[in-house]
Structure formats: structure tokens, C-alpha cells
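The values are calculated or read from the model by the stated rules, or taken from the named source; none is laboratory data. Since we're looking at a predicted model, the values are computed, not measured. Cβ coordinates were reconstructed from backbone atoms using ideal geometry, including for glycine residues, and neighbour counts include every protein chain displayed. Remember, those area values only see protein heavy atoms, side chains included, never the ligands or the DNA or RNA. Shrake-Rupley method; radii C 1.70, N 1.55, O 1.52, S 1.80 Å.
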Amino acid sequence: MITIGVVMRSYRLMGTSRLMSSSASAVKWWDHVAPAPKDPIAGLTEAFLADTSPYKINLGVGAYRDDEGKPVVLQCVREANAKIAGCDFFFVRETIPHAVSTKLVEESIKLVYGNDSDFVEETKVAGVQALSGTGACRLFAEFQKKFCPKSQIYFPDPTWSCHHKIWREAHIPQRTFRYYDLCSKGLNFTAMMDDIKNAPDGSFFLLHPCAHNPTGVDPTEEQWREISHLFKVKNHFPFFDMAYQGLASGDLDRDAQVIRKFVEDGHLVGCAQSFAKNMGLYGQRIGCLSVLCADAKQAAAIKSQMQQIAGAMYGSPPVLGPLLVSAILSDPDIKALWATEVKAMTERIRRMRINLRESLEKLDSPLNWEQITNQVGMFFFSGLTPDQVDCLRREFHIFMNPDGRISMAGVTTGNVNYLANALHEVTRFNQESYVLTSLRSDSG
């Protein structure tokens, strides 16, 4: 005879068996997941922090540093912070007030397109707050996928590595157009124009309006005019990633002239803005995505769609960053102070370029280092090989991207000579090896 106890034990055993079976199945859900590749810049920072050498230099992070190599809190940010400290929502911070977000977008749009632009007054620009420039690019990539699902996007070769990741995650086919010339260490303008011409009509192109990352090489004003004309002929859509406004020339308006020229030529454009670098607000993740539209009705529709995409991605954006940026851009005195500080930041980087080049030339380097001062913005595209970069890290405790991109913000009056000597050593060895190899080939 089967007792109640036997039945209960049987059910318990069956339940345990099912639980074990369920657990085993659950484990298998994720067995195929492999670790993601480490972010190269984050890995550089970790290695730099772990290095105990007193001579170590971090040239990987693309954020501004002062002449002591320390992060900077701009005085304009301090004044903006003091201005907003008395606001109730500064303390509550449950969600960003609509008026603050709207003011941020309005002022950001004026900063790019100009205060006196007719279409700004006519509300022909759809703009939304974004999580810095990265978030603005990501939002636009999703917007592009949703409303132009058969489109592709062209990136300059090279470009910021995250551009490829962002549009790949949005499942947008991507191609590159030729941009940098390894031989001249400048712009390969002819090849660039050929690739723009040969791209299918109506293609999306990502452009750096100033301080190209990573090369620091920008087209001239005349070249930009030709690019704009060809875009018009081919009906291409220009999407500008504006990550360094002010840090190319030292002038906020001058660095926006390329976008304004395209608008003047009749283009509808998109723009991703970031205040991480030029306001020193890297950790606040504050930016703006804007799209110039045909009319106010179209702008309202596009803005609503971008807001919906953003809401599904991260809900509400941060509060403190927009408050700071809005306070800076909407107050004439604080904005003027910011413009002065941006110019000073740019001048310090320019001086470091001059000092580095002069230090290398004093060492009788066999190489031509003119590109150091020919390039603009935060980065110097050195042309170093991965082996040379590895040697700098191993022998001299100097950390930079494997592609040889050097963040000039990490160069100071205290380390510039040490850096020049290290660059001279690794490039001199490479030059001597090349000469010896050539001599042996000729004699053989």
C-alpha cells in the first residue's frame, strides 16, 4: 500500500529532478557567450595606472589636461554650478525639467548653426538632448535604421573607432571613403572626392567638421566648398560629428563654419554635439542631436521620433550636465568666459605641438616632423607602427593607442623633452634598420 509519505517524497524527488534539469538548461543559455574585446583606451588607462614608473605618460585619453597633466574644472563651469545651486530641481533631480532640456537644445543648435540663422527662428531644426556625442551618434544610427532601412553609411578612413561600433549595433551597412594619405601625412583629397563621386546617390556620409579624430587633418576651406558641391550633385546626406568645437582653431564660430557652409548651400544635415571635451564635462555625458529639416512640421515629427527612440534606450537623460551647459550657453558673461577658456586650452595644445616638434628637430631626427604642427585639434597622428608603440610602452612607460594616435593634451612642459627623446629613439632605430636593409639589398 502506497502511503501519503511515499507520495510526498516522490513529488519532492520529481521536483528536485525538474529543478536540476531546469538549472542545467538555464546554464546552457549563456555557455556560448565569450568575453567582449577590451576597449583599447580603457585598457591603456588601466595599464597606465598600474605602472609604477615616475616617468610614465598617458597619451591615450582624449580629454583635456592642464600643464601638470591633471583634469581641469573650467572657471565657467564653476560659475554655472554656483548659479544653478539654488534651484530646487538641482537638489531633487528626479527628472530633467522640460524647460531646461528645451533651453539646452536651443542654445546647442545656435552654437552650431549660428545665432542669426533663419531656420533656427523658424524651428526647422529637430533637436534632442543626448548622452554626449556617442549617444547622439547612437540615436541617429537608430533613427537612420528605422526610417531609411535600406541605406548605408560611409566613414572616413580612418575615423574614431566607436563610429564603426555604433552603426554596427544599429545593423546599418557601412563602408569607408579614402581620407588620410600615409605618404604625405595629409588629406588624400583626390581619392576622397573619387569615393564620394562613386558612392550610390543618396548615401549617408559621416564627416568631422573640425579637428578630425584621429588624424588632426582637416580639408581646407576651398576643399570643403568642393565637397559640399559634390554632395549636392550626388544628393548625399552629411552627418557631422562635432566633438571638438573650439579646439581646432580656438574659435567656436570658426570651427562651425563647415556645417554652416553646407546649410548655406541648401543641404539638410544632421549633427552630433558633445560638450565632454570643450567644457571638460566628460563624466556628465551631455550632448545634443540635431537634424535640419525642410519645415517646422517635419522638424516636429522628426523630434518626436528621436525622443521616442531615446526613451526606449535609456528613459530620462541626466540632469546636472544639462543644467551646467544651459547656464553657460544662456548667460552672455559665462559664455564669453567659456570662449576665452576654450581658446586658452587650444593655445596650450598648440604650444605643445611646437615644443614637441622643436625638441625632435634639435635631436637631429632623420624624419620630417612637420605634421605635428600641420595637424590641429587634440590629437597628433604620429604614424608610429604598433611595434614602435609597444616599444614606447615597454621601454619608456609611454602609453598611446596602437595606431599611433597621441593625445596632445597629455603632453606638458615637464614631459615634452622626455617624449621627444623616446620618439627619437624608437624612430631612429627603425630608420637605421631600414637603411641597413636597403644597403644590403643593393650590395647583394
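Points worth noting:
- Heavy-atom accessible area order for Arg78, Arg260, Arg348, Arg428, largest first, 1.4 Å probe: Arg78, Arg428, Arg260, Arg348
- Convex hull volume of the C-alpha atoms in the range 285-375, normalised per residue: 185 Å³.
- Accessible area in the full protein assembly, largest first, 1.4 Å probe, for Thr159, Thr340, Thr373: Thr340, Thr373, Thr159
- Evaluating 6.51 cos²θ - 1.76 cosθ + 1.60 at θ = phi - 60° for every residue in the range 31-40, the Karplus couplings come out as 5, 8, 7, 9, x, 6, x, 5, 5, x Hz, glycine and proline recorded as x.
- In the chain, helices alone account for a calculated mean residue ellipticity at 222 nm of -17000 deg cm²/dmol, with every DSSP H run of four or more residues adding -39,500 (n - 2.57).
- Full extension of the chain between Arg428 and Thr102 yields a length gain of 111.9 nm, computed as 0.36 nm times the residue separation minus the alpha carbon distance.
- DSSP bridge orientation in the chain - percent antiparallel, rounded to nearest 5: 50
- Accessible surface of the range 258-390, 1.4 Å probe, proportion on carbon and sulfur as whole %: 51
- Whether the range 117-176 is rounded, prolate or oblate, judged on the alpha carbon gyration tensor where a/c under 1.5 counts as rounded: prolate
- Relative contact order of the chain: 23 percent, from C-alpha pairs under 8 Å at least 6 residues apart in sequence.
- Taking 0.36 nm per residue of sequence separation and removing the Cα-Cα distance, the His229/Asp387 pair yields an extension gain of 52.7 nm.
- For Lys103, a cut-off of 26 angstrom between C-alpha atoms picks up these lysines, skipping any fewer than 8 places away in its own chain: Lys83, Lys124, Lys261, Lys277, Lys297, Lys303, Lys335, Lys343.
- Shape call, the range 154-198: gyration tensor on alpha carbons, a/c limit 1.5: oblate
- Shape of the range 203-344, Cα gyration tensor, a/c cut at 1.5: oblate
- Solvent accessible area, Å² - Val128, 1.4 Å probe, full protein context: 10
- Cβ-based net charge around Asn58, under 12 Å, with every Lys or Arg adding one and every Asp or Glu removing one: +2
- List Lys197, Lys297, ordered by accessible area with a 1.4 Å probe, largest first: Lys297, Lys197
- Here Lys362 is the anchor, and the aspartates and glutamates within straight C-alpha reach of less than 20 Å, apart from those fewer than 8 places off in the same chain, are Glu370, Glu425, Glu432.
- Residues in the range 374-379 carry Karplus couplings, in order, of 6, 6, 10, x, 7, 10 Hz; the curve used is 6.51 cos²θ - 1.76 cosθ + 1.60 with θ = phi - 60°, and Gly or Pro positions show x.
- For semi-axes √(5λ) of the Cα gyration tensor in Å, the value calculated from this model appears in (1) 37, 32, 22; (2) 38, 26, 19; (3) 40, 34, 26 under label (3).
- Among Tyr154, Tyr64, Tyr244: highest mean-square fluctuation, GNM of the chain, C-alpha pairs under 10 Å: Tyr154
- If the segment from Asp331 to Ser151 were pulled out straight at 0.36 nm per residue, it would be longer than the present Cα-Cα gap by 60.7 nm.
- Label sites at Arg78 and Asp31, each approximated as a point 7 angstrom past Cα along Cα to Cβ, lie 6.0 nm apart.
- Remark on Tyr180: its backbone amide H falls under 5 Å from those of Asp157, Asn188, a criterion applied only to residues 5 or more positions apart or on other chains, H modelled at 1.01 Å from N.
- Separation of the alpha carbons by more than 22 angstrom is noted, of Lys165/Lys234; Lys145/Lys165; Lys70/Lys165; Lys28/Lys145, for Lys165/Lys234; Lys70/Lys165; Lys28/Lys145.
- Surface per residue (accessible, 1.4 Å probe) for the range 192-350, Å²: 37
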